[in-house]
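A short write-up of the structure that comes next.
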Amino acid sequence: MTKGESVFVPLGEAGADGPQPPKKVVKFFGIPVSTLPVTLQLILLTALVFIFYLMYGYVLELIFTLEGMQPYGWYLTLVQFAYYTTFAVIQLLLSGESLSKKIPLKTYAVIAILTVGTMGFSNSSVGYLNYPTQVIFKSCKLIPVMIGSVLILGKRYSFAEVVACVCMSAGLIWFTLADSTIQPTFSITGVVLVSLALLCDAVIGNVQEGAIKKYNEGATHVVLYSYSLGFIIILLGLIMSNQLFSAASFATQFPWEVYGRGAVLSLAGFCGVQVVLTLVTLHGALLAVTITTCRKALTICLSFVFFSKPFTIQYVWGGVLVIAGIYLNIYGKKNKGSSTPFLVSLQKLYMAVQRSLAPKVSTIKEGDSSLFNV
């Protein structure tokens with residue numbers, strides 16, 4: 001399951017004179033966190049976001065420090081999918097919920113393929129790419145979303161969102177150029193792999209959110225069926241490519257490094273997703289994105305601390321541009337129709353150029369189809 005999902009469907013507000021519906025208790029692994037004081041909720045959930053995702057990033061990079069692990073990113077993804085499926089089954093059984101699904105199998109197959117692409121290409125890219133660069137790429141989901149919407153659907157975006165896309169693109173180019181300059185093992189293969197993961201990640205949020213809302217399916221059920229089907233897809237792919245037995249043979253030589261660390265990696269990722277979804281439910285996407293962005297920044301810093309790699313100040317400037325793009329995107333979604341004087345002036349110039357280039361094109365309002373289009 002990826003970051004664009006939502007567990008709980010918001011309750012409609014009753015009229016001023018009508019009875020108020022009871023508030024739904026939001027739980028995190030059975031703990032009713034919504035009953036805690038707001039300050040304590042924020043401290044607890046923020047701490048858990050940092051703990052689980054920092055652990056995830058550290059263990060993932062640690063796994064690929066194992067000599068000879070580079071070609072087996074897809075096998076690691078197979079191991080992760082097996083663990084995620086197991087964790088989902090355990091959670092459903094402990095909560096007393098049924099294992100039966102509501103979303104059709106065809107829809108789950110689509111979600112599974114996208115999940116395989118998101119995690120498989122992402123894991124494989126770590127074997128070829130500097131991990132901080134991979135994190136920066138994964139933060140820029142807005143770019144393929146906007147390009148695809150403009151080219152395929154003919155949609156139009158606000159000025160702030162266009163500037164956000166430009167900032168992210170510039171930041172990615174800056175970061176990648178810095179990486180290629182100082183990394184002796186830099187490979188364009190890593191850039192291609194993480195770009196493919198980014199494309200899948202940009203689509204999966206919309207598909208998952210639409211399916212969850214339409215069929216009122218629980219997030220744990222989505223994890224169970226998408227990852228179990230994904231496991232089968234990856235297994236068949238490894239068999240057909242004759243990589244399964246060589247990967248399994250390599251893993252038997254390093255059982256703790258592959259299966260043990262893989263279990264820690266999967267548990268951290270599984271819990272991390274649950275925390276973020278709980279945070280979104282209680283405090284909204286804006287705060288959740290702010291916290292996860294800070295976590296990504298800290299992940300990059302710790303990567304340089306714990307794992308020896310060259311550093312250049314160009315990484316900082318590229319990262320600042322990406323972060324600026326993330327918040328401009330949030331600003332554009334939250335403040336449609338209102339801007340600061342500086343942005344108003346730039347927006348007038350932008351609209352004038354746009355009208356001169358395409359005077360007969362009508363504006364299509366863009367809906368916010370995903371909580372995490374950043």
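The values are calculated or read from the model by the stated rules, or taken from the named source; none is laboratory data. From a predicted model like this one, the values you see are computed outputs, not experimental measurements. Note that each Cβ is placed from the backbone with ideal geometry, even for glycine, and that neighbours are counted across all protein chains shown. When the accessible area is computed, the model is the full protein with side chains, heavy atoms only, and any ligands, DNA or RNA have been set aside. Shrake-Rupley method; radii C 1.70, N 1.55, O 1.52, S 1.80 Å.
Some observations on this one:
- Candidates F245, F175, F231 - the one that is farther than 26 Å from N329 by Cβ and touching a helix residue (DSSP H, G or I) at 6+ places or on another chain (Cβ under 7 Å): F231
- Of all residues in segment 211-232, those being under 22 Å from the mean Cα position of the chain (by Cα) and open to solvent by 40 Å² or more (accessible area, probe 1.4 Å) number 6.
Residue-by-condition table, conditions (1) aromatic (F, W, Y); (2) within 24 Å of C140 (Cα to Cα); (3) modelled with pLDDT of 85 or more:
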site	(1), (2), (3)
C200	no, yes, yes
G210	no, yes, no
K213	no, no, no
L224	no, no, yes
I233	no, no, yes
L236	no, no, yes
I239	no, no, yes
Q243	no, no, yes
F250	yes, no, yes
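- Residue list for segment 104-163, restricted to those being farther than 14 Å from C200 by Cβ, basic (K, R) and part of a helix (DSSP H, G or I): K106
- Considered as a group, the residues in segment 233-245 that are open to solvent by 50 Å² or more (accessible area, probe 1.4 Å) and in contact (Cβ under 8 Å) with a residue 12 or more places away in the chain include one that is nearest to K102 (Cα to Cα), and that residue is I233.
- For segment 250-273, the set of residues classified as assigned to a helix (DSSP H, G or I) and either open to solvent by 20 Å² or more (accessible area, probe 1.4 Å) or without any contact (Cβ under 8 Å) to a residue 12 or more places away in the chain (or both) consists of F250, T252, Q253, P255, W256, E257, Y259, G260, R261, A263, V264, L267, listed by residue number.
- Residues that are farther than 24 Å from G68 by Cβ and crowded, with 23+ Cβ neighbours inside 10 Å within segment 115-134 comprise T115, T118, listed in sequence order.
- Taken over segment 198-210, residues that are in contact with a Ser or Thr (Cβ under 7 Å, 6 or more places away or on another chain) and open to solvent by 30 Å² or more (accessible area, probe 1.4 Å) amount to 1.
- Any pair with Cβ under 6 angstrom, 6 or more apart, that starts in segment 150-163 at a residue that is closer than 14 Å to I330 by Cβ and ends at one that is modelled with pLDDT of 75 or more: A160/L328; V163/L328
- Residue list for segment 30-42, restricted to those being exposed (fewer than 15 other Cβ atoms within 10 Å of the Cβ) and at pLDDT 70 or above: I31, P32, T35, P37, V38, T39, L40
- Top-ranked residue of segment 68-92 - restricted to ones that are at pLDDT below 90 and more than 21 Å from L235 (Cβ to Cβ), ranked as surrounded by the fewest Cβ atoms within 10 Å (Cβ to Cβ): L92
- Checking segment 277-287 against the condition returns a match, with at least one residue being outside any helix (DSSP H, G or I) and either on the phi > 0 side of the Ramachandran plot or buried (at least 22 other Cβ atoms within 10 Å of the Cβ) (or both).
- Residue in segment 187-226 that is farthest from S95 (Cα to Cα), counting only those that are of a type in the set (S, T, N, Q) and assigned to a helix (DSSP H, G or I): T189
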